[in-house]
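**Q** Can you keep this structure in mind? I'll have questions shortly.
The values are calculated or read from the model by the stated rules, or taken from the named source; none is laboratory data. Everything numeric in this text was worked out from a predicted model, so none of it was measured. Please note that ligands, DNA and RNA were not included when accessible areas were found on the heavy atoms of the full protein model with its side chains. Shrake-Rupley method; radii C 1.70, N 1.55, O 1.52, S 1.80 Å.
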Amino acid sequence: MKVGLVGVAGVPLGKHKVKDPRLDQADKLVKADNKTYAFVDVVGEEEASTADAIVASPEGRFDLIEKDLEFAETRLERNPPAAEKAVLERIKAHLESEGVVAEAGLTPEELHLIESHAFVTAKPIVVAEAADSAAFDDFLVRVVSASGYISFLTVGGSENRAWLIRKGATAQEAGGAIHTDIQKGFIRVEIIGYDDFVAAGGETQAKHANKMRVETKSYVMQDYDLANFRFKK
């Protein structure tokens, strides 16, 4: 996952840990040699157009709206096809009200009509105040959630680790976040819901309480599921 900064000062670029306290809790319940947070790549404003989400200062958010508004007005002046024109006019009105494209209520079909225009505010945008920038890695937990991503856990042995996937990802796709061999050779996945895991006091205890279930490749992963993948090597 890539996060672009717009108008946010004092945050170093590069890889940042997503310090979700749920991993800290899991690490207390299951012994492992290491604890590994999920991470995101933080890039500057020049790469914001290719980022999955944007973290902007209040002023930066306004600047992005202004840029998208200017583009919408320019495109409308070129007399686009009627269907596209109708969508652009809706976008223009929303931007003029200081809203962002991502919150304009466009349908998938309408988004498809304007996807080639790459409106920057069509991406998830999270506004960062000064306090958020000062504790940026903690703030990333909220950014990830707002950006349509979730995590799942693998625990025990050498590592307790959180893995980022897009919300709606299947179990087979989640396996690919660890290694393509798991996705290709997927057989099944053993799942324990995070709340069941914590309530039981650990992975072994959750299994004894019959909280583990076996799911197929089409299972839609839930946020902070504990997963143990079975696959053909």
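**Q** How many percent of DSSP beta bridges within the chain run antiparallel, rounded to 5?
**A** Antiparallel bridges: around 60 percent, rounded to the nearest 5.
**Q** Then there's this: How large, in percent, is the carbon and sulfur part of the accessible surface of the chain at a probe radius of 1.4 Å? If you can, show how the numbers build up before the last one.
**A** On the way: 5910 of 12240 Å².
Percent of accessible area from carbon and sulfur atoms in the chain: 48.
**Q** Below 8 Å, C-alpha to C-alpha, sequence gap of six or more: please give me the relative contact order for the stretch 1-86 in percent.
**A** Averaging sequence separation for qualifying contacts and normalising by length gives 43 percent for the stretch 1-86.
**Q** Related question: Which residue, G44, G60, G14, has the most motion in a Gaussian network model of the chain that connects Cα atoms within less than 10 Å?
**A** Among G44, G60, G14, the largest mean-square fluctuation in the Gaussian network model of the chain belongs to G14.
**Q** With a ≥ b ≥ c the root eigenvalues of the C-alpha gyration tensor of the stretch 113-233, is it rounded (a/c under 1.5), prolate (a/b larger than b/c) or oblate?
**A** Oblate, because a/c is 1.5 or more while a/b does not exceed b/c.
**Q** Determine one quarter of the surface area of the Cα convex hull of the chain, which equals its mean projected area, and express it in nm² to one decimal. Mind showing how you got there, number by number?
**A** Numbers: hull surface 58.8 nm².
That works out to 14.7 nm².
**Q** Give the relative contact order (percent, whole number) for the chain; include only Cα pairs under 8 Å separated by 6+ residues. The partial results should precede the final answer.
**A** Numbers: 423 pairs, mean separation 52.7, N = 233.
Computed value for the chain: 23 percent relative contact order.
**Q** When the helices in the chain are scored as -39500 (n - 2.57) per DSSP H run of 4 or longer and the sum is shared across all residues, what 222 nm value do you end up with, to the nearest 500 deg cm²/dmol?
**A** After summing the helix terms and dividing by residue count, I get -11500 deg cm²/dmol.
**Q** Still on this structure: Can you tell me the accessible area per residue over the stretch 100-233, all protein chains present, probe 1.4 angstrom, in square angstrom?
**A** 51 Å²
**Q** Follow-up question, since we're still on this one. Show me, bin by bin at 5 Å from 0, the whole-percent P(r) of the stretch 35-104 based on Cα pairs.
**A** 3, 14, 21, 19, 16, 11, 7, 4, 2, 1, 1, 0
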